[in-house]
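Notes follow the structure.
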Amino acid sequence: MTTLPVRLVAGARTTAPRTDVVVVGSGIAGLTAVLRLSALGLGVTLVTKTVASSGSTRWAQGGIAAALAPTDSADAHLADTVAAGGGLCDPAAVRVLVDDGPRRVRGLVRLGARFDLDAAGDLALTREGGHGADRIAHAGGDATGEEISRALVAALEGVTADERVRLLEHTFAVDVLTDAAGAACGVLVAGPDGTQELPARAVVLASGGIGQVYRSTTNPPEATGDGVAAALRAGAVLADLEFVQFHPTVLWLGGGARGQQPLISEALRGEGAVLLDEAGHRFMPDLDPRGELAPRDVVSRGIVDRMGLTGSDHVLLDARHLGADFLSRRFPSIVRRLAEHGFDLAADPVPVAPAQHYHSGGVRTDLQGRSSVDGLYAVGETACTGVHGANRLASNSLLEGLVFAARLADDIAARLAAGELSPGATEERPGPAGLVPATARSAVQRAASSGPGVLRDEEGLDAASTALADVVTDAHHHDEVSARVDRPEWEAANLHTLAVALTTTARARTESRGGHVRRDFPREDPAWRRHLLLRALPDGTLDLQQEDA
């Protein structure tokens, strides 16, 4: 059994003044939390890996889902979300999402986000896979995340003049600090001011997803799962890790393509684009009555199956019938990016294949964003609220970050006002400290891609476990291993931790459900309508538990 570190090697550090809350991450979830906490009069330090406008939010193309049309309803949105979630959604969490969603989206408009409007001046709404109504609000055609990020960052600039709000850019969150009782009491960071302890009464992890665990992903380079790994080291329970969403239509750039790959939004299929195999046959209607607008796990599995039948490494996305004028107006970013790679969406079908896109699992939280560690909150893709179940419904992710960030901010403020959240001084956790050489990153990604990748089986998962067990996790004790106490090593340690955790849960779930597809157990098993919960014990071993949904 692989032993994981319960803290990362970080060396000497200084201690910064105490604040009320430290928020890690500057996507929609982190920025919303900071703005709300600031409005409630709390002191906040925002830690972001690069700059405030970076992260996954700005890459979101399709839009944000909410029942905004008079002909739509929260109940219908709930039904679609639960149907996509493979029997594992938490209905209470989904109810919070769909009921509060429209109000929060309109709040973005009041904040200054410029969404696309229809001829009547109302929000223009479109449809994506799994939705039974037009409820996707978008901006700039296909630049929704970028516009939301712009509006939130502009609002952030308005509050950082307040001395109670501090922004630390180009700063890496190394670990969650805990006190003698195991409560979160701050964050250990490394940035331009060196390595520092940031003491706080509450910690919010909003650091995004895990995409860089895989060789190919739609996620930006910053998505190394730092928040999820740090929470695990701090003792928090993780849930539903095995449910990884592979986006069906990512531009195929050849078998050697690595890193962040160009996403072709599901909204394009919502407007009528279709999937063809290399012989020109439209295959999705043969597999599901919803065709290309089936939920993402269904479409991804359909593509992979068709690739296997035809011996191809990609399929084709055909949007030629939509016309050049419509495509350039509705999807300007996609048209421009495809052109950079030599593809004309209006003239030819473009090659696509599934790639890692979103993680439905993460740090398990309640409806207020609380994790199992007192004072530690998680939100956005870092969290597992129960909204997504086994498979996220398209465009629910931005909404989840928006809704639950506001809820956790209110909860923190209420608890602070009640005299709660008073952790003690930082105490170093006993157990193994870790440092993984940056050179191991490619081996970790290779193991994750071939083990808990888009199609899984016992042989591949066993091989991944063996490969991951061979990775050096205490490089600071090995003279023959080249490693520095620095961000590349910390990122490699986080990726390794998450690859081990993913492989552990994927091996345990002997069925196919949602984003978890096993070739050796190809059908959904009613006995597996349960959650897998994972936590790290003080000695660094993993404890896996099951809980009925």
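Only residues that are at pLDDT 95 or above and of a type outside the set (A, V, I, L, M, F, W, C): list them for the range 213-229, please.
Matches in the range 213-229: Thr224, Gly225, Asp226, Gly227.
Could we say that Gly30 is in the same structural domain as Glu147 (by TED's automatic domain parsing), touching a residue at least 24 places away in the same chain (Cβ under 8 Å) and buried (at least 22 other Cβ atoms within 10 Å of the Cβ) here? Walk me through it before giving the result.
Working: in the same structural domain as Glu147 (by TED's automatic domain parsing): yes; touching a residue at least 24 places away in the same chain (Cβ under 8 Å): yes; buried (at least 22 other Cβ atoms within 10 Å of the Cβ): yes.
Answer is yes for this residue.
For Ala383, only one of the following conditions fails: (1) more than 17 Å from Gly208 (Cα to Cα); (2) touching a helix residue (DSSP H, G or I) at 6+ places or on another chain (Cβ under 8 Å); (3) among the aliphatic types (A, V, I, L, M). What is its number?
(1)
Would you mention how many residues in the range 234-256 are closer than 23 Å to Ala493 by Cα and either surrounded by fewer than 24 Cβ atoms within 10 Å (Cβ to Cβ) or among the aliphatic types (A, V, I, L, M) (or both)?
Residues that pass the stated criteria total 8.
Just to be sure before I move on: is Asp72 within 14 Å of Phe404 (Cα to Cα), over 21 Å from the mean Cα position of the chain (by Cα) and modelled with pLDDT of 95 or more in the structure I sent? Break it down stepwise before answering.
Working: within 14 Å of Phe404 (Cα to Cα): no; over 21 Å from the mean Cα position of the chain (by Cα): yes; modelled with pLDDT of 95 or more: yes.
Spelling it out, it is not the case that Asp72 is within 14 Å of Phe404 (Cα to Cα), over 21 Å from the mean Cα position of the chain (by Cα) and modelled with pLDDT of 95 or more.
Go through the range 63-79 and give me each residue that's of a type outside the set (Ser, Thr, Tyr) and surrounded by fewer than 24 Cβ atoms within 10 Å (Cβ to Cβ). Break it down stepwise before answering.
The first filter runs over the range 63-79 and keeps only residues of a type outside the set (Ser, Thr, Tyr), leaving 63-70, 72, 74-79.
Across the range 63-79, the qualifying residues are Ala67, Leu68, Ala69, Pro70, Asp72, Ala74, Asp75, Ala76, Leu78, Ala79.
Does at least one position in the range 87-103 carry a residue that is crowded, with 19+ Cβ neighbours inside 10 Å, part of a loop (DSSP other than H, G, I, E, B), modelled with pLDDT under 95 and not polar (S, T, N, Q)?
Looking through the range 87-103, none of the residues is crowded, with 19+ Cβ neighbours inside 10 Å, part of a loop (DSSP other than H, G, I, E, B), modelled with pLDDT under 95 and not polar (S, T, N, Q).
Select from the range 315-367 the residues that are in a helix (DSSP H, G or I), within 26 Å of Gly255 (Cα to Cα) and over 28 Å from the mean Cα position of the chain (by Cα) and list them in ascending order. Spell out how you get there, then give the answer.
So in the range 315-367, the residues in a helix (DSSP H, G or I) come out as 320-322, 324-330, 332-340.
Next, from what is left, pick out any that are within 26 Å of Gly255 (Cα to Cα): 320, 333-340.
Arg320 - this is the single residue of the range 315-367 that is in a helix (DSSP H, G or I), within 26 Å of Gly255 (Cα to Cα) and over 28 Å from the mean Cα position of the chain (by Cα).
Take the residues in the range 282-310 that are at pLDDT below 90 and assigned to a loop (DSSP other than H, G, I, E, B); name whichever of them is farthest from Ala394 (Cα to Cα).
Ala294
It is to be established whether one or more residues within the range 163-183 are assigned to a loop (DSSP other than H, G, I, E, B), farther than 30 Å from Ala230 by Cβ and hydrophobic (A, V, I, L, M, F, W, C).
Within the range 163-183, the subset assigned to a loop (DSSP other than H, G, I, E, B) is 163-164, 169-171, 179-183.
Still in the running and farther than 30 Å from Ala230 by Cβ: none.
So far as the range 163-183 goes, no, none of its residues is assigned to a loop (DSSP other than H, G, I, E, B), farther than 30 Å from Ala230 by Cβ and hydrophobic (A, V, I, L, M, F, W, C).
Among the residues in the range 124-131, are any at positive phi and crowded, with 20+ Cβ neighbours inside 10 Å?
Filtering the range 124-131 for residues at positive phi gives 130.
Among the residues that remain, those that are also crowded, with 20+ Cβ neighbours inside 10 Å are: 130.
Within the range 124-131, one or more residues are at positive phi and crowded, with 20+ Cβ neighbours inside 10 Å.
Say we look at the range 197-231 and pick out the residues that are of a type in the set (Ser, Thr, Tyr) and under 25 Å from Pro538 (Cβ atoms); which of these is nearest to the chain's Cα centre (by Cα)?
Step one: filter the range 197-231 for residues of a type in the set (Ser, Thr, Tyr), giving 207, 214, 216-218, 224.
Checking which are under 25 Å from Pro538 (Cβ atoms) leaves us with 207, 224.
On the way: Ser207: 8, Thr224: 10 Å.
In this case the residue turns out to be Ser207.
All but one of (1) surrounded by fewer than 24 Cβ atoms within 10 Å (Cβ to Cβ); (2) touching a Pro at 6+ places or on another chain (Cβ under 8 Å) hold for Pro221; state the number of the condition that does not hold.
In the conditions (1) surrounded by fewer than 24 Cβ atoms within 10 Å (Cβ to Cβ); (2) touching a Pro at 6+ places or on another chain (Cβ under 8 Å), Pro221 misses (2) alone.
Rundown of residues vs (1) small (Gly, Ala, Ser); (2) in a loop (DSSP other than H, G, I, E, B); (3) under 30 Å from Ala137 (Cβ atoms), yes/no style:
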residue	(1), (2), (3)
Gly227	yes, no, yes
Gly235	yes, yes, no
Phe246	no, no, yes
Gly256	yes, yes, no
Gly272	yes, yes, yes
Leu275	no, no, yes
Ala279	yes, yes, no
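Could you check how many residues of the range 164-183 are out of contact with any helix residue (DSSP H, G or I) (no Cβ under 9 Å at 6 or more places or on another chain), hydrophobic (A, V, I, L, M, F, W, C) and surrounded by 19 or more Cβ atoms within 10 Å (Cβ to Cβ)? Before the answer, list the steps.
Step one: list which residues in the range 164-183 are out of contact with any helix residue (DSSP H, G or I) (no Cβ under 9 Å at 6 or more places or on another chain), which gives 166, 168-171, 177-183.
With hydrophobic (A, V, I, L, M, F, W, C) added as a condition, the list becomes 168, 177, 180-181, 183.
In the following step, the residues that additionally are surrounded by 19 or more Cβ atoms within 10 Å (Cβ to Cβ) were identified as 168, 177, 183.
Residues flagged as out of contact with any helix residue (DSSP H, G or I) (no Cβ under 9 Å at 6 or more places or on another chain), hydrophobic (A, V, I, L, M, F, W, C) and surrounded by 19 or more Cβ atoms within 10 Å (Cβ to Cβ) within the range 164-183 amount to 3.
Looking at Ala119, is it farther than 16 Å from Ala39 by Cβ, small (Gly, Ala, Ser), assigned by TED's automatic domain parsing to the domain that holds Leu188 and free of Cβ contacts under 8 Å to residues at least 12 places away in the same chain? Let's see the steps before the verdict.
On the way: farther than 16 Å from Ala39 by Cβ: yes; small (Gly, Ala, Ser): yes; assigned by TED's automatic domain parsing to the domain that holds Leu188: yes; free of Cβ contacts under 8 Å to residues at least 12 places away in the same chain: yes.
Judged against the criteria, Ala119 is a match.
Where residues in the range 192-211 are part of a strand (DSSP E or B) and touching a Leu at 6+ places or on another chain (Cβ under 6 Å), which of them is farthest from Ala29 (Cα to Cα)?
Glu197
Only one of Asp548, Asp474, Asp539, Asp543 is in contact (Cβ under 8 Å) with a residue 24 or more places away in the chain and either within 23 Å of Gly362 (Cα to Cα) or touching a Lys or Arg at 6+ places or on another chain (Cβ under 7 Å) (or both); which?
Going through Asp548, Asp474, Asp539, Asp543 in turn, the sole match is Asp539.
Output yes when any residue across the range 400-415 is surrounded by fewer than 17 Cβ atoms within 10 Å (Cβ to Cβ), part of a helix (DSSP H, G or I) and aliphatic (A, V, I, L, M), and no when none is.
Of all residues in the range 400-415, those surrounded by fewer than 17 Cβ atoms within 10 Å (Cβ to Cβ) come to 410, 414.
If we keep only those that are part of a helix (DSSP H, G or I) too, we end up with 410, 414.
Restricting the remaining residues to those that are aliphatic (A, V, I, L, M) gives 414.
Yes, that holds for at least one residue.
What's the number of the only condition in (1) more than 27 Å from Val82 (Cβ to Cβ); (2) buried (at least 18 other Cβ atoms within 10 Å of the Cβ) that Ser312 fails to meet?
(2)
Any residue in the range 353-364 that is touching a Lys or Arg at 6+ places or on another chain (Cβ under 6 Å), at pLDDT below 95 and either over 30 Å from Gly41 (Cβ atoms) or not hydroxyl-bearing (Ser, Thr, Tyr) (or both)? Outline the logic, then answer.
Start the filter on the range 353-364 by keeping residues that are touching a Lys or Arg at 6+ places or on another chain (Cβ under 6 Å), which leaves 358, 360.
If we keep only those that are at pLDDT below 95 as well, we get 358.
Pick out the ones that are also either over 30 Å from Gly41 (Cβ atoms) or not hydroxyl-bearing (Ser, Thr, Tyr) (or both) and you get 358.
Within the range 353-364, one or more residues are touching a Lys or Arg at 6+ places or on another chain (Cβ under 6 Å), at pLDDT below 95 and either over 30 Å from Gly41 (Cβ atoms) or not hydroxyl-bearing (Ser, Thr, Tyr) (or both).
Name the residue that is nearest to Gly225 (Cα to Cα), counting only residues in the range 446-467 that are at pLDDT 95 or above and of a type in the set (S, T, N, Q).
Checked the range 446-467; the qualifying residue nearest to Gly225 (Cα to Cα) is Ser465.
Could you grab me the full set of residues in the range 40-78 that are in contact (Cβ under 8 Å) with a residue 40 or more places away in the chain, in a helix (DSSP H, G or I) and among the small types (Gly, Ala, Ser)?
Ala76
Is it the case, given these coordinates, that Leu367 is assigned by TED's automatic domain parsing to the domain that holds Ser38, touching a residue at least 24 places away in the same chain (Cβ under 8 Å), buried (at least 21 other Cβ atoms within 10 Å of the Cβ) and hydrophobic (A, V, I, L, M, F, W, C)? Spell out the reasoning first.
On the way: assigned by TED's automatic domain parsing to the domain that holds Ser38: yes; touching a residue at least 24 places away in the same chain (Cβ under 8 Å): yes; buried (at least 21 other Cβ atoms within 10 Å of the Cβ): no; hydrophobic (A, V, I, L, M, F, W, C): yes.
Against the criterion (assigned by TED's automatic domain parsing to the domain that holds Ser38, touching a residue at least 24 places away in the same chain (Cβ under 8 Å), buried (at least 21 other Cβ atoms within 10 Å of the Cβ) and hydrophobic (A, V, I, L, M, F, W, C)), Leu367 does not qualify.
Here is a check on your reading of the model: is Thr48 at pLDDT 95 or above and within 18 Å of the chain's Cα centre (by Cα)? Full working, then the answer.
On the way: at pLDDT 95 or above: yes; within 18 Å of the chain's Cα centre (by Cα): yes.
So Thr48 passes the test.
The values are calculated or read from the model by the stated rules, or taken from the named source; none is laboratory data. For clarity, every value in this text was computed on a predicted model and none was experimentally measured. No Cβ is skipped: glycine too gets one built from the backbone with ideal geometry, and neighbour counts run over all protein chains shown.
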